[in-house]
Amino acid sequence: MPEKPRTPVYQLQAGVVLDLPVYHGGRTYFASGKILSNEDIQDLKLLGLESVALRETETMLGDQVQDDVMSQKLREHAISIVRRVYQNFQNLDREQASEIYSLGLLLKEEATRSTKLGIAVHDLRDHSNYTYQHSVNVTAISLAIGVRMGLSREELDHLSVGGLLHDIGKMKVSREILEREGKLTPEEMDLVRQHTVWGWDLLKEQGHFPPVVWSIARQHHETMEGGGYPDQLISSRIHLLSRIISVVDIWDALRSIRPYKAAWKPDQVLDFINGVTMVGKFDPQILEIFNNLIVPYPIGSRVMITGGSVAYVAGLNFGDFSRPILRMEEDGRFSYIDLMVRKSVRILKTLELAT
Ligand SMILES: [Fe+2]
Ligand SMILES: [Fe+2]
């Protein structure tokens, strides 16, 4: 097959879509389907890359509304700070507390900047450091929800710090238990659940953070109908910020690869969170915002549609992320279907998530 034409980096303009991922330092730096911002183009120049492969025919398809929740650079920076703070959980000093506050501010800025975007996660690239990555992901998506809910500046600050520290109590649970492939005994399950109370105790004792941050650590596994832990709180007795974290916490846990489970695809997680087993567990207002924020079929994903045909997601519609614009190929010729127009067709499942 002839190699696809590539576009020189110096000619790039914001809004173009990558056709192939950009690799750097042995890892995916930008995934395929990524819409490049001016900042991303700057990054490519700094990396010394000469050219990239673009989706020329699709650059203007649909609404340009998909992005990863934060840049790779910010993600790496965030994970390194969270790792350091979690590992030093017993002796958090004032300097580390202020590092967490500054990181919280950065993540808050990022969430405020991209209020028009849907969040598209791609196939996961790195499976180590679960607890640290999880805390960063949960914070970023919770902040995006908080911004859309119109929370005050102070509430967003508490949400970011609480998100970053919500699982700090897990540092008291042995790694062997947290990462066991097989089943845990009821006693071991109790130990894992204790991370909520331990987190609360630790943050309270150390005195660097306000009570709402301790509450997030304690309450993020409570559910609205009173079936959560550790206190079986009901609806409004659970702090609003804990209610936000609890939805995103489940999303990220299911999305991730763990020693005992594979990574679920975004559409599967959305179906589960909105399905019968979860009825009454989440705050309905938060759930609605969450559902409108997450892109179930990111651009570049391969999906199966009504009738069993296979198609690629080529563009998104801001009104409904579950009804994107699809590209189909037959005998080497492309055709496009806009699912907002062709209401009789729907996506049945994701076959392969964009990388
Ligand atoms: Fe937790
Ligand atoms: Fe968590």
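Every number in this text was worked out from the coordinates using simple rules, so none of it is lab data. Since we're looking at a predicted model, the values are computed, not measured. Positions of Cβ are generated from backbone atoms using ideal geometry, with glycine treated the same way; all protein chains shown enter the neighbour counts.
Convex hull volume per residue, computed on the Cα atoms of the range 190-279, equals 116 Å³. Entry for the chain at q = 0.15 Å⁻¹: log10 I(q)/I(0) = -1.34, Debye formula applied to identical alpha-carbon scatterers, no solvent contribution.
Using the Cα centre of the chain as the reference point, and only Cβ charges (+1 on K/R, -1 on D/E), how large is the resulting charge dipole? Debye, rounded to the nearest 20. Each step should come with its number before you reach the end.
Details: 40 positive and 46 negative charges, 61 e Å.
Around 300 debye, computed over the chain.
Relative to the dominant Cα principal axis of the chain, helix 153-165 is inclined by about 80°.
Entry for the range 135-183 at q = 0.14, 0.23, 0.29, 0.30 Å⁻¹: log10 I(q)/I(0) = -0.46, -0.78, -1.01, -1.05, Debye formula applied to identical alpha-carbon scatterers, no solvent contribution. The sum of -39500 (n - 2.57) across all DSSP H runs of n ≥ 4, divided by the residue count of the chain, sets its helix-only mean residue ellipticity at 222 nm to -12500 deg cm²/dmol.
Using alpha-carbon pairs under 8 Å, 6+ residues apart, how would you state the relative contact order of the range 7-48 in percent? List each step's numbers first, then the result.
Values: 48 pairs, mean separation 17.7, N = 42.
So the answer I get is 42 percent.
Between GLN11 and ASN129, the simple spin-label model (points 7 angstrom out along Cα→Cβ) gives 3.6 nm. Solvent-free Debye calculation, one equal scatterer per alpha-carbon of the range 133-292: log10 I(q)/I(0) at 0.13, 0.14, 0.16 Å⁻¹ equals -0.60, -0.70, -0.93. Based on C-alpha pairs under 8 angstrom that are at least 6 apart in sequence, the chain has a relative contact order of 16 percent. Taking the alpha carbon gyration tensor of the range 196-239, multiplying each eigenvalue by 5 and rooting it gives semi-axes of 21, 10, 5 Å, largest first. Over all other residues within a Cβ to Cβ distance under 11 Å of PRO259, the charged ones net out to +1, with Lys and Arg as +1 and Asp and Glu as -1.
Counting Cα-Cα pairs of the range 309-355 in 10 Å increments starting at 0 gives whole-percent bin shares of 26, 58, 16, 0.
Could you give the angle, 0 to 90 degrees to the nearest 10, between helix 195-206's Cα long axis and the longest principal axis of the Cα atoms of the chain? Here the helix axis deviates by roughly 70 degrees. Angle of helix 38-47 to the longest C-alpha principal axis of the chain, folded into 0 to 90 degrees and rounded to 10: 90°. Mean projected area of the convex hull spanned by the Cα atoms of the range 103-205, taken over all viewing directions: 8.2 nm².
Here's the list of lysines a cross-link from LYS108 could span, going by alpha-carbon distance under 20 Å and ignoring same-chain residues fewer than 8 apart: LYS73, LYS116.
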